[in-house]
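Worksheet: the structure to be examined is printed underneath.
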Amino acid sequence: MTGTATSTPRAVPLAVYGVAGLAGLLVLAEALPRLGVVPARYLPPATEILSALGREVSTGAFWTALGHTLVAWAAGLAIAAGAGIVLGIVIGAVPGLRAATASTIEFLRPIPSVALIPLAVLLYGTDLKSSLLLVVYASFWQVLIQVLAGVQDVDPIAEETARSYGLGWWYRIRYVLWPTALPYLLTGVRLAAAVALILAITAELVIGSPGLGAEIAVAQTSNALPAMYALIVVTGLLGVLINLGARALERHLLSWHQSIRGAA
Amino acid sequence: MKKILLAVGLPVVLVAAWYLLSYGSESFYVPPLRTILAALVDTWTPDRLRADVLPSVLRLLGGFVLATALGVAVGVVIGTHRRVRAAAEPVLEFFRAIPPPVLIPVVMIFAGIGDTMKILVIVFGCIWPILLNTVEGVRAVDSVLSDTARSYGIGGPARLWHLVLRGASPQIVTGMRQALSIAIILMVISEMFAASNGLGFTIVQFQRSFAIPEMWSGTIVLGLLGVVLSVLFRLAESRVLSWYHGLRGTQRQS
């Protein structure tokens, strides 16, 4: 039923609805405070938020803060992904190691990374390293779990074929394990990228390490509401961009994989 | 027997290593584990648990349950109407992409710093994964089942309960699992931000007064809370979704 509706030329493209939805949100955010449904001292009208956004974008402080957030995000994600890949492959490939580590991983994973906030403050103060500690801890598990699932998914026949052809361990990892685990890994990285942004902003907001989160906290305490909302919008856009980027990366790196080829 | 040994082995080794390596620790920030354990027993008395952990857990559950109810309700509406879905999707994607902790300052403006604020923060943070997964789940309801239900004249609440919600429940549960870990984060952070009781508040209080072993013990309590909640969730999931896991199991065998 949906198939026929989209293929008729007269049907309104679905993207139009999406644009209408976004426009509706903007109109609502403008109308509610203007009409006094929501007090303007709680929620400034959308136009004021947008002009505050314009002012923010023209300041150097904004770009420095954005840079700090992005550095914490990218460095944390890279460390977590690297450690997750290496450990995941080692645990998955060495016999017996998975069974021995399963309970420890299951125990450590649900520990909320925010439990580390006091520790991060004591060890690093408001340094960038505080954010890094939280980001790495939170995103590491996402990657590790996915890599472990990927390693488990290796086709035993392919693995044994590679063995009987006398391929060394490096070649088996490179040509048998890696292609199998890559889709899982990229899912893990996509999840980790979102989590890393959450934790980077959280650390800045709560601890006060430099970045967008700290700017939001400053705007809030100095009662600069339009600026605060503008910065929140920026974090949302950042999140959207990161999601889109991760998906594009997935499509690019997995262009050979059934899940992407089948969809095209 | 071997299974138990494997499950317990590494944790025991790790804790023992921590205990021994930190035994003579002089470092102010990394006290010996025995000091931390002593602090754990002394600090987290039943009174303390009732005064600080219970309110946290109640706020967490309140927010989580509300977010689930709202998320599923709105998700079913959006998921069953194609045009509503097309209109709502970009907006929802944007709201989901906002890191939930930045909502704390916003909600504080509206609701002050009381329990309402904390519950609202948890609701606003948790609702997106539940909502979006419900939308996906409702969309993916088996079309044969859907047509069968229609031709048997099953409609209204019966259709909603037995077909739509049942069919979407694996996805809904996935969303709830993601939401639960967000809920814990938000519970702690909202208490660290502004509170007069609760687990997050207490831990920050210890940290600010440089009561380091107590702070470590609080971190351990928080970690245990996370583990207990995830175990409880998994138990509930395996009960509710036993039909689904069974189905998947037989499909995999065939």
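The values are calculated or read from the model by the stated rules, or taken from the named source; none is laboratory data. These figures come from a predicted structure and were not determined experimentally. Positions of Cβ are generated from backbone atoms using ideal geometry, with glycine treated the same way; all protein chains shown enter the neighbour counts.
Within the stretch B:218-238, residues that are assigned to a helix (DSSP H, G or I) reach partners that are small (Gly, Ala, Ser) and surrounded by 16 or more Cβ atoms within 10 Å (Cβ to Cβ) with beta carbons closer than 7 Å, at six or more positions or on different chains, in the pairs B:219/A:115; B:222/A:115; B:223/A:115. On the stretch given as the stretch A:128-174, residues that are surrounded by fewer than 20 Cβ atoms within 10 Å (Cβ to Cβ) and among the polar types (S, T, N, Q) total 3. Screening the stretch A:196-207 for residues that are more than 9 Å from chain B (Cβ to nearest Cβ) and over 12 Å from residue A:65 (Cβ atoms) and picking the one that is surrounded by the fewest Cβ atoms within 10 Å (Cβ to Cβ) gives A:207.
Taken over the stretch A:108-127, the criterion of being surrounded by fewer than 19 Cβ atoms within 10 Å (Cβ to Cβ) and in a helix (DSSP H, G or I) is satisfied by A:108, A:122, A:123, A:124. Is it the case, given these coordinates, that residue A:243 is part of a loop (DSSP other than H, G, I, E, B) and out of contact with any His (no Cβ under 8 Å at 6 or more places or on another chain)? Considered against the rule, which asks whether it is part of a loop (DSSP other than H, G, I, E, B) and out of contact with any His (no Cβ under 8 Å at 6 or more places or on another chain), residue A:243 comes out as no.
Within the stretch A:215-240, if we keep just the residues that are within 14 Å of residue A:69 (Cα to Cα) and under 19 Å from the mean Cα position of the chain (by Cα), the residue that is surrounded by the fewest Cβ atoms within 10 Å (Cβ to Cβ) turns out to be A:237. From the list B:100, B:55, the one residue that fits, being under 24 Å from residue A:226 (Cα atoms) and in contact with a Leu (Cβ under 9 Å, 6 or more places away or on another chain), is B:100. The number of residues in the stretch A:89-107 that are more than 7 Å from every other protein chain (Cβ to nearest Cβ), part of a helix (DSSP H, G or I) and out of contact with any Leu (no Cβ under 8 Å at 6 or more places or on another chain) comes to 2. In the stretch B:178-198, the count of residues that are more than 30 Å from residue A:116 (Cβ to Cβ), β-branched (Val, Ile, Thr) and within 14 Å of chain A (Cβ to nearest Cβ) is zero.
Taken over the stretch B:190-213, the criterion of being assigned to a helix (DSSP H, G or I) and within 19 Å of residue A:124 (Cα to Cα) is satisfied by B:192, B:203, B:204, B:205, B:206, B:207, B:208, B:212, B:213. Take the stretch B:101-138 and flag every residue that is within 9 Å of another protein chain (Cβ to nearest Cβ) and either of a type in the set (D, E, K, R) or surrounded by fewer than 24 Cβ atoms within 10 Å (Cβ to Cβ) (or both). Within the stretch B:101-138, B:103, B:105, B:106, B:108, B:109, B:110 meet the criteria.
Taken across the stretch A:112-124, residues that are at the interface with chain B (Cβ under 10 Å from one of its Cβ atoms), within 20 Å of the chain's Cα centre (by Cα) and not aliphatic (A, V, I, L, M) do occur, with at least one present. Looking across the stretch B:141-180, just one residue is modelled with pLDDT of 85 or more and in a loop (DSSP other than H, G, I, E, B), and that is B:152. Checking B:86, B:158 one by one, the residue that is farther than 26 Å from residue A:197 by Cβ and at the interface with another protein chain (Cβ under 8 Å from one of its Cβ atoms) is B:86 and no other.
The criterion of being within 30 Å of residue A:55 (Cα to Cα) and more than 14 Å from chain B (Cβ to nearest Cβ) holds for residue A:210. Candidates are the residues of the stretch B:198-229 that are surrounded by fewer than 21 Cβ atoms within 10 Å (Cβ to Cβ) and more than 21 Å from residue B:55 (Cβ to Cβ); the one that is modelled with the lowest pLDDT is B:210. Of everything in the stretch B:169-193, what is more than 13 Å from the chain's Cα centre (by Cα) and within 18 Å of residue B:222 (Cα to Cα)? Give them in sequence order. Of everything in the stretch B:169-193, those that are more than 13 Å from the chain's Cα centre (by Cα) and within 18 Å of residue B:222 (Cα to Cα) turn out to be B:189, B:190, B:191, B:192, B:193. When the stretch A:220-230 is filtered for residues that are more than 8 Å from chain B (Cβ to nearest Cβ) and touching a helix residue (DSSP H, G or I) at 6+ places or on another chain (Cβ under 7 Å), the ones remaining, listed by number, are A:226, A:227, A:230. Look at (1) at negative phi; (2) within 12 Å of another protein chain (Cβ to nearest Cβ); (3) among the small types (Gly, Ala, Ser) and you find that residue B:75 fails only one, number (2).
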